[in-house]
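Here the structure is laid out as structure tokens; the discussion comes afterwards.
Only the coordinates and a few stated rules stand behind these numbers; no lab work does. These figures come from a predicted structure and were not determined experimentally. In this analysis, Cβ positions are derived from the backbone assuming ideal geometry, glycine residues included, and neighbour counts consider all displayed protein chains.
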Amino acid sequence: CRRVFSRFILLIKKGRNDRQRQQYQRNDDRWIRLLVFTAHFILRPPKSRHTHCCCVTLELHKVKGQVIKEAQKMRSLSICVFCGSRSGRNSAYEKAAEVLGKGLADRDWRLVYGAGDVGIMGSVAQSAQNNGAKALGVIPTHLMQREVAKTDLSNLVITENMHERKKVMFMNSDAIVLLPGGAGSLDEFFEVLTWAQIGLHKKPIILVNTEQYWTPLATLIDHVISEGFAETTLKSYFDIVDTAEDALNVIQARLE
């Protein structure tokens, strides 16, 4: 074993030609550490070597477990929020958006949304940023003026069309929250719901039913199921909660 070890060291140090020598020199430290470690076990008695291996393996598992636990504690989630570019008639809608934005910041989570600075969209972004949260905004070029793109975000992505917008928002998030909104919000909800139904993702989808705003939608989905156009499992792909804080708690329970 000592002779083999010595020959390896000799090859590493000298090499058979200049090209090999340069290659060995680049990997010199790594190989020496590996060979010293290997020789350490080869030259030890079997029983002692076995005990030492077990101890090393055990310690490595302990360290790995600690690293995983710490990573889970430190993990910062990104939450996609679909909502209206209008404020709606009920002030409770904007209030829910503000609570959601603050809740994201309190948990050190990032907001991913449509980049607008008006309506509920603007409220959730302003609340999140005012309380220290990062925000990723995604907006297509043709809505830059209509939805008043918020330019002071942590990151702003401008897409060519609505399809790219939804894709970028979805791909950069860990969960989806639906606040009150119009046709655009419904389109976004049904797209991610369909993707979940056909097995493309398992991200939590939560509807914030502020002042029973989404109750008619839940009734519609029940009607679709009762008429045989969807399985009852369709309702298992999303949750309906009463408040923004409840939505955050559901996400926290699922993903942390």
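Below, the figures for the structure above:
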quantity: Residues with amide H under 5 Å from that of Gly114, placed H, sequence gap 5 or more; calculated: Val138
quantity: When each of Lys102/Lys134; Lys102/Lys167; Lys150/Lys203; Lys95/Lys167; Lys167/Lys203 is checked by Cα-Cα distance, pairs over 23 Å; calculated: Lys102/Lys167; Lys150/Lys203; Lys95/Lys167
quantity: Cα centroid separation - the range 83-123 against the range 171-215, whole Å; calculated: 15 Å
quantity: Quarter of the Cα convex hull surface for the range 187-249, i.e. its orientation-mean projected area (nm²); calculated: 4.4 nm²
quantity: Normalised contact order of the range 148-256, rounded percent, pairs of Cα under 8 Å and 6 or more residues apart; calculated: 26 percent
quantity: Peptides 158-171, 126-139, 83-96 ordered by average Cβ neighbours within 10 Å, highest first; calculated: 126-139, 83-96, 158-171
quantity: For peptides 218-227, 111-120, sequence by mean Cβ density within 10 Å, most packed first; calculated: 111-120, 218-227
quantity: Placed amide H near Asp242: partners under 5 Å, 5+ positions off or other chain; calculated: Asn209
